[in-house]
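**Student:** Take a look at the following structure, please.
The values are calculated or read from the model by the stated rules, or taken from the named source; none is laboratory data. Note that the structure is a prediction, hence the values are computed from the model and not measured. Methodologically, a virtual Cβ is constructed for each residue, glycine included, from the backbone with ideal geometry; neighbour enumeration extends over all protein chains shown. Side chains are part of the model used for accessible areas, which takes the heavy atoms of the whole protein and leaves out ligands, DNA and RNA. Shrake-Rupley method; radii C 1.70, N 1.55, O 1.52, S 1.80 Å.
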Amino acid sequence: MTDERNFRSSYYEKVGFRSVEEKKSLEILLKERPLDKGKLKQFCLRFTVPAIHRNFLWKILLGVIPVHEDSHDFVMKQRKNEFEDLKSALISAQIMDVTTKPSQMFFTMWLLRNKRTKLDMNTQIDIPPFRSMNKMAKSLWNVMSIDYDNEKSVDIYWVLCGFLDHIQKFQKDVDRLKECTCIVLEREDLELYNHLVEIDALKFLPYETWFHSCFADIISDGSITKIWDKIAVGAYKILVFVAIVILTTLRRFLLKCSKLDNVLDIIQNITEETSELIVNKAIELWQQSGSNVVQNT
């Protein structure tokens, strides 16, 4: 029955039925006044967020705007004022200038807002975990800036702040996520696990980079948003399953590797098609584990 249900779900999704129903369900939730944040979180945990609603939903879930629609204009006006103040402060202090890439500017603004900015920003951004978090800033800019204008840049900055705040919250759990990755890999694919241990690669994989960037620069920008939908809710344990599925999906190539550098080269060159496959498999495995109904805060 499980196989039949999985086949049926897969078929419906391919022909567009499932996504249409999910979109209708979300649109019903978005018509509620005030918005029910709990229901929206549960939707994100269980389903793929339609791209047309993703930016708005992220703003709600990450606390950029409140659940009361009549407050949105006022709140975003305040958000815009703070955005301009932070940007002006960095330019006045000559830490950044008008030629700075927007993603780096936004990341530095987040550091300033958290009172962590230093004058030598190039050095600071190159320090873990900031280097990894800056990768997420670049990917988020690529995802959200398709129709770029000044108003959109304010949205991107505040959404980035929400994601980076989440990453800060689970920084202390990175070692536990790394340990879970090894345990689950051993259970899911013992041959691959033993091979990576044998070539002394498993313990030296860049877990911190993966988890602090939420796999930005590893999974293609077109696919990673499905994982970030879960991160926006605080369900960061999904990152373990992304790591697992990356390794098992690439197992045929990884089993031929004789050293860590070979492993890293393969992982760093994942195609867009493979990225989509990895993301879908990771979400499925994560949901099968029961994590789709667990919120990590």
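**Student:** Give me the accessible area per residue for segment 27-119, probe 1.4 Å, as a whole number in Å².
**Tutor:** The answer is 56 Å² per residue.
**Student:** Given the pairs K172/K237; K23/K152; K41/K237, which span a C-alpha to C-alpha distance of over 21 angstrom in this model?
**Tutor:** In this structure, K23/K152 lie more than 21 Å apart at Cα.
**Student:** Something else: Which ³J(HN,Hα) values, rounded to whole Hz and listed in residue order, are derived for segment 230-241 from phi using the Karplus coefficients 6.51, -1.76 and 1.60 in 6.51 cos²θ - 1.76 cosθ + 1.60 with θ = phi - 60°, glycine and proline given as x?
**Tutor:** 6, 5, 4, 8, x, 8, 6, 5, 4, 4, 4, 6
**Student:** Taking the Cα centre as origin and putting +1 on Lys and Arg beta-carbons and -1 on Asp and Glu beta-carbons, what dipole magnitude results for segment 21-92, to the nearest 20 debye?
**Tutor:** Numbers: 14 positive and 11 negative charges, 45 e Å.
The dipole magnitude comes to about 220 debye.
**Student:** Under 14 Å Cα-Cα from K230, which aspartates and glutamates qualify once same-chain neighbours fewer than 8 residues away are excluded?
**Tutor:** Hits, sequence-local ones excluded: E284.
**Student:** For segment 86-219, take every pair of Cα atoms, bin their distances at 5 Å starting from 0, and report each bin as a whole percent.
**Tutor:** 2, 9, 18, 19, 17, 12, 8, 7, 5, 3, 1, 0
**Student:** Further question: If ligands, DNA and RNA are left out, what is the accessible area of Y207 with a 1.4 Å probe, given in Å² to the nearest 10?
**Tutor:** Looks like 0 Å² after rounding.
**Student:** Whole-Å semi-axes of segment 152-289's equivalent ellipsoid, largest first, each the root of 5 times a Cα gyration tensor eigenvalue?
**Tutor:** Those come to 26, 16, 14 Å.
**Student:** Could you pull the accessible area for D120 with a 1.4 Å probe, rounded to 10 Å²?
**Tutor:** Rounded to the nearest 10, that gives 90 Å².
**Student:** Further, regarding this structure: So for the chain, taking the charge dipole from beta-carbon charges (+1 Lys/Arg, -1 Asp/Glu), which of H68, T108, V49 sits furthest toward the positive end?
**Tutor:** H68
**Student:** With n ≥ 4 as the cut-off for DSSP H runs, can you work out [θ] at 222 nm for the chain, using -39500 (n - 2.57) per run divided by the number of residues, rounded to the nearest 500?
**Tutor:** Rounded to the nearest 500, the figure is -22000 deg cm²/dmol.
**Student:** Hey, got the dipole for the chain? About the Cα centre, +1 on K and R Cβ, -1 on D and E Cβ, debye to the nearest 20? Don't skip to the end; give the middle numbers.
**Tutor:** Values: 41 positive and 41 negative charges, 110 e Å.
Taking the Cα centre of the chain as origin, the dipole is about 520 debye.
**Student:** As an exercise, use a Förster radius of 22 Å and the Cβ-Cβ distance of R131 and Q268 to find the FRET efficiency, rounded to the nearest 0.05.
**Tutor:** With R0 = 22 Å, the Cβ-Cβ based efficiency is 0.90.
**Student:** What part of the accessible area of the chain, given as a whole %, is carbon or sulfur when the probe is 1.4 angstrom?
**Tutor:** Values: 7710 of 15250 Å².
Exposed carbon and sulfur together represent 51 percent of the surface.
**Student:** Charges only on Cβ, +1 for Lys and Arg, -1 for Asp and Glu: so what's the dipole of segment 88-172 about the Cα centre, in debye to the nearest 20?
**Tutor:** About 480 debye.
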